[in-house]
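Chemist: For reference, the structure I am asking about is given below.
Taken together, the values in this text are just the output of simple stated rules run on the coordinates, not laboratory data. Here the structure is a predicted model, which is why all the values come from computation and not from measurement. Don't worry about glycine lacking a Cβ; one is built from the backbone with ideal geometry, like all the others, and counts go over all protein chains shown.
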Amino acid sequence: MLQHASRLKRSSILLTPLRRTFAQLNHVKVPPTINNESTKTFSQTPESAKDWDLLRASLLKFNNAALEIPLVINGRRVYANDEGSNRTTIQHLNPSNHKQVLANVTQANGKDIQDAIEASKLAKKQWYSLPFYDRAAVFLKAADLISTKYRYDMLAACMLGQGKNVYQAEIDCIAELCDFFRFNVKYASELYAQQPTNGTKGIWNTVEYRPLEGFVYAVSPFNFTAIAANLVGAPALMGNTVLWKPSQYAALSNYLLYTVLEEAGLPDGVINFIPGEPEFITNELIKNPNFNALHYTGSTQVFKSLYSKIQNKLVDGTYRDYPRIVGETGGKNFHLVHNTANLPNAIFNTIRGAFEYQGQKCSATSRLYLPQSKSTEFLNDLIGTLSETDSKFAPKNIAASAISGGDLHGFTGPVIHEASFKKLAGIIDEATKDPELEIIYGGTYDKKDGYFIHPTIIKCKDPNHKFMKTEFFGPILTVYEYPDEKFVDICKTIDETGNYGLTGAIFARDRNAIQLASDLLRYSAGNFYINDKCTAAVVAQQWFGGARMSGTNDKAGSGNILSRFVSMRNTKENFYDITGYKYPSNYD
């Protein structure tokens, strides 16, 4: 028995490094049926009746009482009312009804942040030593749980907490979220399979895709639960541990997502959930020598500030590594209409691009360029379409309507919070006083019950006006009319207006016009669309991201982004012994 125990002990010592290597080199075949998750239509057909009933039940569940949302550090729930705690809470309000508190969100203090850093360090070795199969299984199972068991709860949390209608919630927190988790597994498997050439006889070359040595700091926005899932999921899948600061305006859906990951088997400490004051948490984390990467989606100004702080600390010698900085920020996205365009198609796509989810997408259509020969017809039909079905476009509490059995199919809802409401209301007020601008549709707002901004269209006389350059992040579309013969010039103007480069679209039948615009606008958009709206990129189909001041263009929804969260180590093994040090050329 003693001899047998000794043999087992020696074997376990040998297995440790082998297990670690296996975690990187095991080319597990992913399920062959990884496809984009299908979306439920939530139409008025009998087939959708059951979906609506299940959704109403989930909406009522979250409406009954405010949820207490804790920090989660190393798997342990930490609440503001814990004995001896000096933590505070922030209320997560329903933007459609700002009198309703959906959740009380515990805010991390300095000790919590240090505890989270330590938890990520403790969990790191065991997590990245797991075979890829085991890490992948967590995210594949989470996707299945979200698309089945928790589908309607996720939808309800997203609708109530983030002000989405049911279809916008469905394509976000169900379809896109599941796509990120599943396709990232596929891309990771393909990345691990990329190995060096073994051309020299007796030499074996391998590459190990190590996780980054420190922790990843993920900062997620309010507008997409799916983005939050990818911000934490992509680095974690590759063996990293993550400190996640969710937006306080998406706390409900983000916390539900975290609990699903736990149910799917995510080990304690791999992802630590630390809501709190953004600047305080950021400053605490980036001053730590173990900070190794920022995975960010949010405002351009905040990202620029973070970039600067990280670079300064790098120069000061805080880090032993060059931190990876991966970010996607804002855009001033355009629709360019050519005089050969199919106008109804361009109109309907512009309505969706500008006003779906109240324009609160970094890819939303914010500026529209129309040829003078078609402008009157285009705008009359655009405004006519909006006016004829204005009940769909008048902002409303769509979630409340769904519960009460009222209008279930409204198109627009609230903007996310009071600060956004005030900013957008101020923009509308400014437009009424500016002689270069004319409000031709909408222009009203109301915050009595919720933060409602009516979809607004503003005609602009100057293509270089600040309204053509400034990101509004709301349901405001600015229009400029250009002479038909100045198509080349307007392409150049679009390219030179502002500093963003996220999304854009050309609407035309003329292939020469399409090719010309594609060439002249090559760096104006990281995602360029032809006869389609500039929003709603689909994971694995349209890899998403822009350059210039729109971000680092690492393309979420592609395999490229996973390479940012690994650090490769090459190994060369020689099976032949050499018998001397001289080369053939050293002999006479």
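Chemist: Measuring from label point to label point, each 7 Å out along Cα→Cβ, what is the THR148 to HIS417 span in nm?
Modeler: Here the modelled spin labels are 3.7 nm apart.
Chemist: GLY413's amide H: which non-local residues (gap 5+, or another chain) put their own amide H closer than 5 Å, with H modeled 1.01 Å from N in plane and none for Pro or chain starts?
Modeler: Counting only residues 5 or more places away or on other chains, the set is GLN358, LYS396.
Chemist: Within the set LYS99/LYS433; LYS332/LYS492; LYS125/LYS309, which residue pairs have Cα atoms separated by over 26 Å?
Modeler: Values: LYS99/LYS433 33 Å; LYS332/LYS492 15 Å; LYS125/LYS309 28 Å.
Violating the 26 Å Cα-Cα cut-off are LYS99/LYS433; LYS125/LYS309.
Chemist: Antiparallel versus total DSSP beta bridges in the chain: what percent is that, nearest 5?
Modeler: The antiparallel proportion sits near 40 percent.
Chemist: Bin by bin, in steps of 5 Å, what percent of the Cα pairs in the stretch 206-361 do you find, going until the bin that has the longest distance?
Modeler: Taking every Cα pair in the stretch 206-361, the percentages come to 2, 8, 16, 18, 17, 12, 9, 7, 5, 4, 2, 0.
Chemist: State the extension gain, in nm to one decimal, for the chain segment bounded by LYS125 and VAL315, taking 0.36 nm per residue of separation less the distance between their alpha-carbons.
Modeler: Details: separation 190, 0.36 × 190 = 68.40 nm, distance 2.83 nm.
Once the chain is fully extended between LYS125 and VAL315, it gains 65.6 nm.
Chemist: If you don't mind, there's one more thing I want to ask. Taking only DSSP H segments of four or more residues, each worth -39500 (n - 2.57), what value at 222 nm results for the chain once the sum is divided by all its residues, to the nearest 500 deg cm²/dmol? Working shown, then result.
Modeler: Values: 18 runs with 236 residues, N = 588.
Value at 222 nm, helices only: -12500 deg cm²/dmol.
Chemist: I need the calculated FRET efficiency for the pair ALA65 and ASP429, taking r as the beta carbon distance and R₀ as 41 Å, to the nearest 0.05.
Modeler: Details: r = 38 Å, r/R0 = 0.93.
According to the calculation, E is roughly 0.60.
Chemist: Tell me the Kirkwood hydrodynamic radius of the stretch 205-273 in angstroms, computed as one over the mean inverse distance between distinct C-alpha pairs. Kindly include the intermediate steps, with their values, before the conclusion.
Modeler: Working: mean 1/r = 0.0796 Å⁻¹.
Computed over the stretch 205-273, the radius equals 12.6 Å.
Chemist: Give a residue-ordered list of calculated ³J(HN,Hα) values for the stretch 379-390 (Karplus: 6.51 cos²θ - 1.76 cosθ + 1.60, θ = phi - 60°; whole Hz; x for Gly, Pro).
Modeler: 5, 4, 5, 4, 5, x, 4, 5, 5, 5, 10, 4
Chemist: Follow-up question, since we're still on this one. Could you state the angle between the C-alpha long axis of helix 418-433 and the longest principal axis of the C-alpha atoms of the chain, as a value from 0 to 90 degrees rounded to the nearest 10?
Modeler: Between helix and principal axis, roughly 40 degrees.
Chemist: Efficiency by 1/(1 + (r/R0)^6): what FRET value for GLN372 and ASP449, r their Cβ-Cβ distance, R0 = 41 Å, to the nearest 0.05?
Modeler: Numbers: r = 42 Å, r/R0 = 1.01.
In this case the efficiency is close to 0.50.
Chemist: Relative to the longest principal axis of the C-alpha atoms of the chain, give the angle of the C-alpha long axis of helix 132-147, reported between 0 and 90° and rounded to the nearest 10°.
Modeler: Relative to the chain, helix 132-147 is tipped by roughly 30 degrees.
Chemist: Using Cα-Cα distances under 8 Å and only pairs 6 or more residues apart, what relative contact order does the stretch 333-547 have, in percent? Intermediate results must be reported in sequence, preceding the final value.
Modeler: On the way: 407 pairs, mean separation 60.2, N = 215.
Here the relative contact order equals 28 percent.
Chemist: What fraction of the DSSP beta bridges in the stretch 333-547 is antiparallel, stated in percent and rounded to the nearest 5? Mind dumping the intermediate values first?
Modeler: Working: 7 of 28 bridges.
Looking only at bridges with both residues in the stretch 333-547, the antiparallel portion is about 25 percent.
Chemist: Given the stretch 484-543 reduced to its alpha-carbon atoms as identical point scatterers, what log10 I(q)/I(0) does the Debye formula return at q = 0.15, 0.21, 0.23, 0.31 Å⁻¹?
Modeler: Rounded to two decimals, the profile gives -0.44, -0.83, -0.97, -1.40.
Chemist: Next up: Can you work out ³J(HN,Hα) from phi for every residue in the stretch 498-503, in order, using Karplus 6.51 cos²θ - 1.76 cosθ + 1.60 and θ = phi - 60°, giving whole Hz and x for Gly and Pro?
Modeler: Along the stretch 498-503, the couplings run x, 10, 8, x, 9, 10 Hz.
Chemist: Using only Cα atoms, locate the centre of the stretch 53-90 and the centre of the stretch 216-240, then give the distance between them in Å, rounded to an integer.
Modeler: First find each Cα centre; the distance between them is then 20 Å.
Chemist: To test your reading of the geometry: what angle, between 0 and 90 degrees and rounded to tens, separates the Cα axis of helix 177-193 from the longest principal axis of the chain?
Modeler: Once rounded, one gets 40 degrees.
Chemist: Here's another thing I want to ask about it. On the Cα set of the stretch 445-588, report Rg and Dmax in Å, please.
Modeler: 25.5, 95
Chemist: Turning to a different aspect of this structure: I'd like to know how the stretch 333-547 sits against the 2.2 N^0.38 Å rule of thumb: what's its Cα Rg over that expected value?
Modeler: 0.99
Chemist: Nothing charged except the Cβ atoms of Lys and Arg (+1) and of Asp and Glu (-1): what's the magnitude of the dipole of the stretch 447-546 about its Cα centre? Round to the nearest 20 debye. The partial results should precede the final answer.
Modeler: Numbers: 12 positive and 12 negative charges, 65 e Å.
Dipole size: approximately 320 debye.
Chemist: Another one. What Kirkwood Rh does the chain have if only Cα atoms enter the pairwise 1/r average? Answer in Å.
Modeler: Numbers: mean 1/r = 0.0389 Å⁻¹.
In the chain this quantity evaluates to 25.7 Å.
Chemist: Would you work out the relative contact order for the stretch 45-189, in percent, from Cα pairs under 8 angstrom that are 6 or more residues apart? Don't skip to the end; give the middle numbers.
Modeler: Values: 148 pairs, mean separation 34.2, N = 145.
Worked out over the stretch 45-189, it gives 24 percent.
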